[in-house]
1. Please sort 453-464, 203-214 by packing, taking for each peptide the average over its residues of neighbouring beta carbons within 10 angstrom, highest first.
2. Once both labels are modelled 7 Å past Cα along the beta-carbon direction, what's the residue 286-residue 317 spacing in nm?
3. Give the peptides 37-43, 484-490, 279-285, 176-182 in descending order of average Cβ contacts within 10 Å, highest first.
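All of the numbers you see were taken from the coordinates with simple rules; none came from a lab. These numbers come from a predicted model, not from an experiment. Here the Cβ positions follow ideal geometry from the backbone for every residue, glycine too, while neighbour counts run over all protein chains shown.
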């Protein structure tokens, strides 16, 4: 008789539990992107607090504390035109000079975007005693305190508005093959977020610059500041104009850095500026490529990826090559690894344009454009992987909206919908910043948020006489010099064009003369000394480049050269500006 083997019976329930546990472990990486709510938690301040109150609060910084930093929360109405509206709050961080303020006219920094916070994340990660104190060193050394503000809806304000579900939906689309992509998931996520915010008591269409300007007036009065010096970078220029509209008497000086102004239509304005930049960088590539890449020592990490003798990235038909390349990418996308996820990321013309826009925006695209063009043409995925610190950074690089903890999509939407005509279509371009579907998504978002442009704009000519300094970068992708020139002319201020810088000329110049000029302007707003910059140009123009020390930045290389792309900087006063640069390159 055959002995029966012992059979161990495994219950169905145990099998299910084991399978569920295994599935949970395997899917953990995906949950980081797919398990978030449609909105961030919506937290209003105590509604018993009256609007207009400003109180000192503990600074919510994660790292080391700075005894020279004080934080304040200002309580303001959600709608300044409706006394019965809910109370919201904004958060300000005041950084004092280490030896104490010797001047009573602090410096308020207004961030761009629209939709970027100033206190939260950007400075919080390092603490104001670290990054922010270093970043604003020149201003603090002048004896002035620096005021950073998370304005309504942003960062550490209450409520802080965000749509993490929309971020997830965008990321999911990037992982789909190009032929299966759509904006349907993003539209659903956006609608769910906006509806949830409305249900929580948020009136999204109140989170724009017009309300922001009145918030800042309440903050200034609550801090007992008679006047402050306001600085706005990028879209922060609109915030600064809104502040002037609400509180002209409280602004001692106004500095507009790479200003967003004259943007008569949001989508067409962005596209026209980018088209101008692509045209300029192609011309720059063809006329000055040999000068930029004299030897491998200039850009060793870039030259490593390309043999310029073989690929000749700038050979006289650069724009045609770029247009053909984008068509090629749509037919045969470059596949990028996306560890630890199983799904690859596909680089099509849409993503290539996003990368080019990002690099031109940061300024380094002027040198990297030729190499990016060749690597795209030769379909070298290794080059593009090297552009990111890790694979997940493709999320940040390729998403058309910003995936960033310090960025608020609802505030971006309310601001752009309320302050510009988003209905008018962008002009046709071979390198569109938005597809038709994405532009339609923007318009749908405006409708869902109940935010629409009423035809009014902030006009700098309403504030003629405000001591003003306007600075633009010739290579700026999104806020070209024509915006700064127009603003300076309207407000009657000083105008500075730096042809060596891209976006954010003043502060990204770090220790260069624009910072010296701005501080000199704060000290004496009746006029600025052009020689602060011009003398430095003359000093640095004589030595040839090879004699410059390693790491030196030759600020004004060719003062005698009158061609627009070689004239590194021009100082002008708006009233006697005759328009000396190449107008055909401006949108």
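1. In descending order of packing, they fall as 203-214, 453-464.
2. Distance between label points: 1.2 nm.
3. 484-490, 279-285, 37-43, 176-182
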